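S.K.: So that we are looking at the same thing, I have put the structure below in structure tokens.
The values are calculated or read from the model by the stated rules, or taken from the named source; none is laboratory data. All of these numbers come straight from a predicted model, not from anything done at the bench. All Cβ positions, even for glycine, are placed from backbone atoms using ideal geometry, and neighbour counts span all protein chains on display. Surface areas here come from the heavy atoms of the whole protein model, side chains and all, with no ligands, DNA or RNA. Shrake-Rupley method; radii C 1.70, N 1.55, O 1.52, S 1.80 Å.
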Protein chains: 2
Amino acid sequence: MALTVVGSIAFDSVRTPFGERDRMLGGSTVHFSLAASFFTEVRVVGPVGDDFGDDDLAVLRDRGVITDDIERISGGETFFWRAHYEYDMNVAHTDDTQLNVFADFDPKLSDAAKRSELLFLGNIDPELQRRVRASSEAEFAALDSMNFWLESERDSLVAAIGEVDCLMLNDAEIRELTGEPNLARAARAAMGIGPGVIVAKRGEYGAALFSSEGLFAIPGYLLEDVQDPTGAGDCFAGGFLGYLDSRRAAGDSVRDPAVLRQAMAYGSVLASFNVEDFGTDRIQRLTKDEIEARLRDLQQITRFEIETSPTN
Amino acid sequence: MALTVVGSIAFDSVRTPFGERDRMLGGSTVHFSLAASFFTEVRVVGPVGDDFGDDDLAVLRDRGVITDDIERISGGETFFWRAHYEYDMNVAHTDDTQLNVFADFDPKLSDAAKRSELLFLGNIDPELQRRVRASSEAEFAALDSMNFWLESERDSLVAAIGEVDCLMLNDAEIRELTGEPNLARAARAAMGIGPGVIVAKRGEYGAALFSSEGLFAIPGYLLEDVQDPTGAGDCFAGGFLGYLDSRRAAGDSVRDPAVLRQAMAYGSVLASFNVEDFGTDRIQRLTKDEIEARLRDLQQITRFEIETSPTN
């Protein structure tokens, strides 16, 4: 079984009301692959510069992530992002972005990466996403994007969305994509572009899944300690697709509504751990037992029973 | 069994992206009592002016709401509110507020109202809420408020909260009340003031319950047609407390965590119907069967099963 992720590898400098860290390992593929590594074999496709060290690589390898497809650009520097969060940690305030080697990223899939059954197209230029999708044999491809591409490369993005099976965006982005302020209608309109599965990420409020069976909604796992929300969406995607790939490998359909619901729950769980510490720190020391315990907890905090009709 | 609600009765003029209505029957006690009327006997305490007609009264009476404690102020006019909503219907933009008879509201509970086992203190001056609470024999009292009182009458509001069993506020208000940006911590701090049950209303994102057993979270019921969100929070409270009173009358404890969870679900269901049309229109034509069907639907869209551990 295998899952390939294509996107950014970065160094992040982040300040939140709870602390500050400089040049932590980050980027969408890093957060995604560490989360997915608890479920399946993950292969990372992304560019780094000379400043990307063996210790950075070791963070991925220690979790079994396959790093053969990481492209080292000689003489280049790794993508760098600096941001801060106020008390409303749903919003990242970007202070500096240095694309560096990411600016000329031209993803090339190795034969092994092409053969991955599942593919995650991280938030990159939609024309690159289309090229990667076309070269991949994946039976199920998911795509993330952001308002920047919606506003600058709308036609390309719509074409890219039409070529994948699953769209994962923030709810505000799904509204903006479709011009439909109501999320349920917006999701239906997005399905009209092509994907049979739409995942609306809603930050601390959880996420909603729209698929052939209709709607599934999961609230956010409410934590008392949120240190750094960076990467939560990517960890959600990693938990979601990693779990789907494990079920595919076990002979189940990744389009089975019950399987998709469970994948949403695992995505929520991985995202909830990620924000408990800065960068990748919490996921690096995460255990399978902790994941399973929080999954049971999440099920417990969202469950209610129905009595015989009490209305009068 | 009986539930008493104290607060505003109003005429609302509302414009949303989907239409506009003038001088509809509204106010927190109206929305609350219509929602609660599906579960229990509700008694409304609130002031109206000469402009409040028999047809307005009939809306309440047709649902079995007891209107004996509605106080008609001769020569006065009923509370009037004008507002509009943009596409983000989580935020009401107030264009005009005429308190009229509500400005000098001095709630007096009849003997029957005093004997109600459950009490809902709608959003009024916290000193009035305290006086009503002190004169009531209710075994379970819940309180709503708003940022206006938090900022102008903070000490009174904290005292009022300390005298009730259940606090129902928007999540932002719970954060503001406690000065704690994290909702889970804020809810814990609010419990420290006195109430054993905290309900955090989160608009379209649903609601969270904090009680002796810990946390319960329910996502909003995602609708394709939202016409007018006015009164959704009061319908939530009405469904919540109405259901609790029906269970109390059946011999159950309103503090039972499983009962509280079910009450949260009914609150969500009633709120979701309310926003499907302007003012009280949808709730007036609502049926018990529709409520039960949507409750099952809400359970279905929030449920996931757990497989044997798939992590590796």
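S.K.: Do the conditions hold for A:Leu34, that is, is it open to solvent by 60 Å² or more (accessible area, probe 1.4 Å) and touching a residue at least 12 places away in the same chain (Cβ under 8 Å)?
M.R.: For A:Leu34, the condition - open to solvent by 60 Å² or more (accessible area, probe 1.4 Å) and touching a residue at least 12 places away in the same chain (Cβ under 8 Å) - is not met.
So that you can scan it fast, the table gives a plain yes or no per residue for (1) modelled with pLDDT of 95 or more; (2) touching a Pro at 6+ places or on another chain (Cβ under 8 Å):
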{"position": "B:Ala35", "(1), (2)": "yes, no"}
{"position": "B:Val42", "(1), (2)": "yes, no"}
{"position": "B:Leu57", "(1), (2)": "yes, no"}
{"position": "B:Glu71", "(1), (2)": "yes, yes"}
{"position": "B:Ser74", "(1), (2)": "yes, no"}
{"position": "B:Ala92", "(1), (2)": "no, yes"}
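S.K.: Given the residues B:Leu143, B:Leu157, B:Leu119, B:Leu150, which is the only one that is touching a Phe, Trp or Tyr at 6+ places or on another chain (Cβ under 9 Å) and part of a helix (DSSP H, G or I)?
M.R.: Result of the check over B:Leu143, B:Leu157, B:Leu119, B:Leu150: B:Leu157.
S.K.: For the range A:49-71: of the residues being hydrophobic (A, V, I, L, M, F, W, C) and in a loop (DSSP other than H, G, I, E, B), which is nearest to the chain's Cα centre (by Cα)?
M.R.: Within the range A:49-71, the match that is nearest to the chain's Cα centre (by Cα) is A:Val65.
S.K.: Going residue by residue through the range A:214-222, is there one that turns out to be among the small types (Gly, Ala, Ser) and in contact with a Ser or Thr (Cβ under 8 Å, 6 or more places away or on another chain)?
M.R.: yes
S.K.: Further, regarding this structure: Give the range B:68-80 a look and list any residue that's polar (S, T, N, Q) and crowded, with 19+ Cβ neighbours inside 10 Å, or say none.
M.R.: The one that is polar (S, T, N, Q) and crowded, with 19+ Cβ neighbours inside 10 Å: B:Thr78.
S.K.: Filter the range A:248-275 down to residues that are open to solvent by 40 Å² or more (accessible area, probe 1.4 Å) and outside any helix (DSSP H, G or I) and give me whichever is nearest to A:Ala92 (Cα to Cα).
M.R.: Taking the candidates together, the pick is A:Arg255.
S.K.: Pairs, please: C-beta under 9 Å, at least 6 apart or cross-chain, first residue within 11 Å of A:Ser136 (Cβ to Cβ) and in the range A:88-116, second modelled with pLDDT under 95 and open to solvent by 40 Å² or more (accessible area, probe 1.4 Å)?
M.R.: Listed pairs, sorted by first residue: A:Ser116/A:Met1.
S.K.: Related question: Mind checking whether some residue in the range B:196-217 is surrounded by 17 or more Cβ atoms within 10 Å (Cβ to Cβ), outside any helix (DSSP H, G or I), of a type in the set (Lys, Arg) and out of contact with any Pro (no Cβ under 7 Å at 6 or more places or on another chain)?
M.R.: Yes, that holds for at least one residue.
S.K.: Being without any contact (Cβ under 8 Å) to a residue 40 or more places away in the chain and within 24 Å of A:Val275 (Cα to Cα) is the filter; apply it to the range A:45-65 and report the residue that is surrounded by the fewest Cβ atoms within 10 Å (Cβ to Cβ).
M.R.: A:Asp55
S.K.: Would you be able to tell me the number of residues in the range A:207-220 that are under 14 Å from B:Phe210 (Cβ atoms) and more than 9 Å from chain B (Cβ to nearest Cβ)?
M.R.: Going through the range A:207-220 one residue at a time, the tally reaches 0.
S.K.: Related question: Hey, can you tell me all the residues within the range A:270-306 that are more than 14 Å from chain B (Cβ to nearest Cβ), of a type in the set (D, E, K, R) and farther than 20 Å from B:Ala184 by Cβ?
M.R.: A:Asp281, A:Arg285 - these are the residues of the range A:270-306 that are more than 14 Å from chain B (Cβ to nearest Cβ), of a type in the set (D, E, K, R) and farther than 20 Å from B:Ala184 by Cβ.
S.K.: Continuing with the same structure: Pairs under 7 Å by beta carbon, first residue among the polar types (S, T, N, Q) in the range A:245-259, partner assigned to a loop (DSSP other than H, G, I, E, B), six or more apart or different chains?
M.R.: A:Ser246/A:Met1; A:Ser246/A:Phe39; A:Ser246/A:Thr40; A:Ser246/B:Pro310
S.K.: From the set of residues in the range A:187-236 that are at pLDDT below 95 and among the aliphatic types (A, V, I, L, M), which is farthest from A:Arg82 (Cα to Cα)?
M.R.: Selected residue: A:Leu222.
S.K.: With respect to A:Met146, is the statement that it is surrounded by 19 or more Cβ atoms within 10 Å (Cβ to Cβ), within 21 Å of A:Asn170 (Cβ to Cβ) and at pLDDT below 95 true?
M.R.: no
S.K.: Regarding the range B:281-301, can at least one residue be identified that is at positive phi and outside any helix (DSSP H, G or I)?
M.R.: Within the range B:281-301, not a single residue is at positive phi and outside any helix (DSSP H, G or I).
S.K.: Tell me, which residue of the range A:221-243 that is open to solvent by 10 Å² or more (accessible area, probe 1.4 Å) and small (Gly, Ala, Ser) is farthest from the other protein chains (Cβ to nearest Cβ)?
M.R.: Residue satisfying both the conditions and the ranking: A:Gly231.
S.K.: Looking at A:Ser152, A:Ser156, A:Ser136, which is the one that is touching an Asp or Glu at 6+ places or on another chain (Cβ under 8 Å) and either within 22 Å of A:Gly231 (Cα to Cα) or surrounded by fewer than 24 Cβ atoms within 10 Å (Cβ to Cβ) (or both)?
M.R.: A:Ser156
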